[in-house]
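Step one of this worksheet: look at the structure below.
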Amino acid sequence: MSTLSLKQLRKQFGDVTAVHEINLEVGDGEFLCILGPSGCGKSTALRMIAGFEEPTSGDILIDGQSVVTMAANHRPTAMVFQKYTLWPHMKVYDNIAFGLKLRGLARTEIDRKVNEALELVGLPDYGKRMPNQLSGGEQQRIALARALVLEPKILLLDEPFSNLDALLRVRLREELRRIQRRVKITAIFVTHDQEEALSLADRIAVMSKGRVEQLDVPSRIYDQPATLFVADFIGVMNLIPAQQNGATIDLGALRLESPTRVNGTVTVAIRPEDIAIVGESDVDAWGGEVEQIIDLGHYRKLLVKVPSVGTLKVYAPKALDLRENQLIGLNPSRFTIFRDGAAPIEVKREAVAPLEMSVAV
Amino acid sequence: MVARSTRSLLPYILITPPIILVFGLIFFPAAQSFVRTLTGVDGSFSFERYLEFMNDRSSVTSLIFTFQVTFLSLIGLFAICYPLALYLRFSNSRVAYWAQMVALLPLFVPGIMSAYALIRFFRGRGLLETIIYQLSPVLSETYYSPYVKPEGIIIGSIWESIPFTVLVLLAGLRQVESGLIESAQDVGASRWTIFFQIILPLTRRAALIAFCLNFIAIFGSYTIPYLLGPAAPQTLGVLMQRTYQEYAQPLQAETQAVITFAVCALVGLLYVRTVSSQRTGRN
Ligand SMILES: Nc1ncnc2c1ncn2[C@@H]1O[C@H](COP(=O)(O)OP(=O)(O)O)[C@@H](O)[C@H]1O
Ligand SMILES: [Mg+2]
């Protein structure tokens, strides 16, 4: 039963502003991901919530109470770190029991809680082991148990799985989500891995250069990026610089229509999946040459060179018979116009019949 | 083929000279001495020379005195160096940078020079007393110079050992990742709890290494106790030298040397065990 809010939270290290006035509201039981490239200030934001960094200005409220003046060891938060998480001289049991002992709990109570926590993370018989006898994934699970056993109001995780191999990362991610739902804890998860964020989060805060660029549910972050940065950072995107004259943007062979009239430089953003492959001679299409075909298992990614537009990334079903250097037509069905200092504008074009599988191009 | 066989022989060729040196100049004469000290006047096996040492009042006093001086120096050394190393590890200030420079300074001063510098500093009417006199003539009357007193040896030994000890402890403290400390803070540990339950146990090895090596160095030292210490009691190092040269009793000096060596070897064993458990132990 806990909420978190960050108000105008800012952190400066000398001349470097790591975090610029962040405002964020995290609801009870919500799983929020802070997503952004390395160095954008994610960890700094999280560490301010945990109490390891003192904010330069701004406020942090947990359940409506300001905690900024509270030392880290008194805050109702618990953190799972990226590495060096367990104390190497203590058994797994003592690692988890450490915080409980500090709180002066009775032995039997500690025993019960530690065993419950071990059970929760799926390592019930690991109490007697030393941390160096555990794999990386097991260590992170114990670190999670150590954080959860104290029943904190907010669980903080700073790239906890980024040192693990891809398969394990996916498994632990799912397990974390299951555990978080079960104990109904408010969680903030920092990552630079968009797939991780998109698959885990109730909402994602995309950060860049110390600022929150967009705060939204994963599907909207992907479908309706609020800024050019988000458009570029999340998923695969074609970004095409262009000139808008009034309500039209002339881009190669196509004239794109915009609902707003304006003159100036814009960026047209198109997802690969919003580009249909049509016949080379189609009039309502860009004509282009297939430069490269990248096989991605169940589908293929094409790099298509379109004169006076650029090289576009396009997806093609495997059934479509394509060769490199082949000429094809590309028809965008949906795009977004980004202009400096203006809200992005999403435009849908008339659907066109995509190239039939059977048609030999 | 030729190249390959010489390459595989190369390590052995390279370590041969030091092994010959160590055996020829240290182990062999040491073993010879050891055997000699266990030989009686009539040439048979006997403990008589050790009994003689034990029955000689000044030898035993010297042995006890050396232990006392060594332990007190080590206590003082850790009392100074551990807090200093903690400060250097956890402070990012410029002061810490300069403090580290200053702490390492004695490393570059030859022992005999620092001994004389210390004498000039704290002997009667030395620099320290002069400064105190300038501040308060009354206070300077109570000035107690550690020169030619046991305290002199302790201060000198501490001064000499600070750089090495700080380096070893600092290296140990740097291995304690900040994440481990922050995790402890995160679950509610106070500074004291973190120090006693996280930092101290995790630097136990570094502290043991510093203890062993400093013990060996101080226990067998000669220059500092000779220049700064009292005429009596004297440490084993000084006693040995006097016995050998002034009293011209090489056999007794040899016995004293073997006893000194035995004490240091025991501590050396502890050192080897500490270091090897580090290798086979965690990480
Ligand atoms: N203790 C610090 N002292 C100085 N600069 C720091 C410190 N911690 C972080 N920074 C700087 O703040 C910025 C954000 O860092 P960080 O929050 O760690 O980014 P992220 O976790 O997103 O990779 C970086 O430019 C980093 O160099
Ligand atoms: Mg980080």
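The values are calculated or read from the model by the stated rules, or taken from the named source; none is laboratory data. Just so it is clear, the structure is predicted and the values come from calculations on it, not from any experiment. Neighbour counts are summed over all protein chains in view; Cβ atoms, including those assigned to glycine, are modelled from backbone coordinates with ideal geometry.
Report whether or not A:R255 is away from ligand 1 (no atom under 16 Å from the Cβ), outside any strand (DSSP E or B), without any contact (Cβ under 8 Å) to a residue 12 or more places away in the chain and touching a strand residue (DSSP E or B) at 6+ places or on another chain (Cβ under 9 Å).
Details: away from ligand 1 (no atom under 16 Å from the Cβ): yes; outside any strand (DSSP E or B): no; without any contact (Cβ under 8 Å) to a residue 12 or more places away in the chain: yes; touching a strand residue (DSSP E or B) at 6+ places or on another chain (Cβ under 9 Å): yes.
In short, no.
For residues in the range A:119-134 being in a loop (DSSP other than H, G, I, E, B) and more than 14 Å from chain B (Cβ to nearest Cβ), which is surrounded by the most Cβ atoms within 10 Å (Cβ to Cβ)? Break it down stepwise before answering.
Going through the range A:119-134, the residues in a loop (DSSP other than H, G, I, E, B) turn out to be A:121-130, A:134.
Cutting the leftovers down to more than 14 Å from chain B (Cβ to nearest Cβ) gives us A:121-128.
Details: A:V121: 23, A:G122: 13, A:L123: 17, A:P124: 12, A:D125: 10, A:Y126: 19, A:G127: 19, A:K128: 9.
Per the criteria, the residue is A:V121.
Show the residue pairs that are 6+ apart or on different chains and have beta-carbon atoms under 8 Å apart, the first residue being within the range A:142-162 and within 11 Å of chain B (Cβ to nearest Cβ), the second being of a type in the set (D, E, K, R).
A:A147/B:D186; A:V149/A:K113; A:V149/A:E116; A:L150/A:R103; A:D158/A:K42; A:D158/A:R47
Quick one: B:G268 ticks every box in (1) over 15 Å from the mean Cα position of the chain (by Cα); (2) surrounded by fewer than 17 Cβ atoms within 10 Å (Cβ to Cβ); (3) away from chain A (no Cβ under 14 Å) bar one, so which box is it?
(1)
Residue by residue through the range B:169-217, note down the ones that are hydroxyl-bearing (S, T, Y), closer than 22 Å to A:E53 by Cα and either touching a residue at least 24 places away in the same chain (Cβ under 8 Å) or more than 7 Å from chain A (Cβ to nearest Cβ) (or both). Steps first, please.
Step one: list which residues in the range B:169-217 are hydroxyl-bearing (S, T, Y), which gives B:178, B:183, B:190, B:193, B:203.
Restricting the remaining residues to those that are closer than 22 Å to A:E53 by Cα gives B:178, B:183, B:190, B:193.
Selection gives B:S178 alone.
Could you run through the range A:1-23 and say how many residues are within 16 Å of ligand 2 (Cβ to nearest atom) and within 14 Å of another protein chain (Cβ to nearest Cβ)?
1
Can you tell me how many residues within the range A:32-51 are more than 14 Å from chain B (Cβ to nearest Cβ) and crowded, with 21+ Cβ neighbours inside 10 Å?
So the answer is 9.
What number of residues within the range A:197-231 are closer than 21 Å to A:V19 by Cβ, of a type outside the set (S, T, N, Q) and assigned to a loop (DSSP other than H, G, I, E, B)?
Number satisfying all stated conditions: 4.
Return the pairs, sorted by first residue and then second, in which the second residue is of a type in the set (F, W, Y), the first residue lies in the range A:197-215 and is assigned by TED's automatic domain parsing to the domain that holds A:T227, the beta carbons are less than 6 Å apart, and the residues are 6+ apart or on different chains.
Final answer for the pair search is A:A201/A:F31; A:D202/A:F31; A:S208/A:F229; A:E213/A:F229.
Which condition does A:V26 not pass, out of (1) of a type in the set (V, I, T); (2) within 10 Å of ligand 1 (Cβ to nearest atom); (3) more than 14 Å from chain B (Cβ to nearest Cβ), if it passes all the others?
Here A:V26 clears every test but (2).
Among the residues of the range A:33-52, are any in a loop (DSSP other than H, G, I, E, B) and more than 14 Å from ligand 2 (Cβ to nearest atom)?
yes
Could you tell me how many of the residues in the range A:307-341 are in a loop (DSSP other than H, G, I, E, B), of a type in the set (A, V, I, L, M, F, W, C) and without any contact (Cβ under 8 Å) to a residue 60 or more places away in the chain? Reasoning before the result, please.
Residues of the range A:307-341 that are in a loop (DSSP other than H, G, I, E, B), as a first pass: A:307-309, A:318-326, A:333, A:339-341.
The next check asks that each one be of a type in the set (A, V, I, L, M, F, W, C); those that pass are A:309, A:319-320, A:322.
From what's left, without any contact (Cβ under 8 Å) to a residue 60 or more places away in the chain: A:319-320, A:322.
Of the residues in the range A:307-341, 3 are in a loop (DSSP other than H, G, I, E, B), of a type in the set (A, V, I, L, M, F, W, C) and without any contact (Cβ under 8 Å) to a residue 60 or more places away in the chain.
Here is a list of conditions, (1) modelled with pLDDT of 95 or more; (2) more than 20 Å from B:L180 (Cβ to Cβ), and A:L100 meets all of them except one; can you say which number that is?
(2)
Any residue in the range A:100-112 that is within 14 Å of chain B (Cβ to nearest Cβ) sitting within a Cβ distance under 8 Å of a residue that is basic (K, R) and surrounded by 12 or more Cβ atoms within 10 Å (Cβ to Cβ)? List the pairs, counting only those 6 or more apart or interchain.
Every condition considered, the pairs that remain are A:L100/A:K113; A:L105/A:K113; A:I110/A:K101.
Going residue by residue through the range A:69-89, is there one that turns out to be touching a residue at least 60 places away in the same chain (Cβ under 8 Å), away from ligand 2 (no atom under 14 Å from the Cβ), under 14 Å from B:Q185 (Cα atoms) and out of contact with any helix residue (DSSP H, G or I) (no Cβ under 8 Å at 6 or more places or on another chain)?
Yes, the range A:69-89 contains at least one residue that is touching a residue at least 60 places away in the same chain (Cβ under 8 Å), away from ligand 2 (no atom under 14 Å from the Cβ), under 14 Å from B:Q185 (Cα atoms) and out of contact with any helix residue (DSSP H, G or I) (no Cβ under 8 Å at 6 or more places or on another chain).
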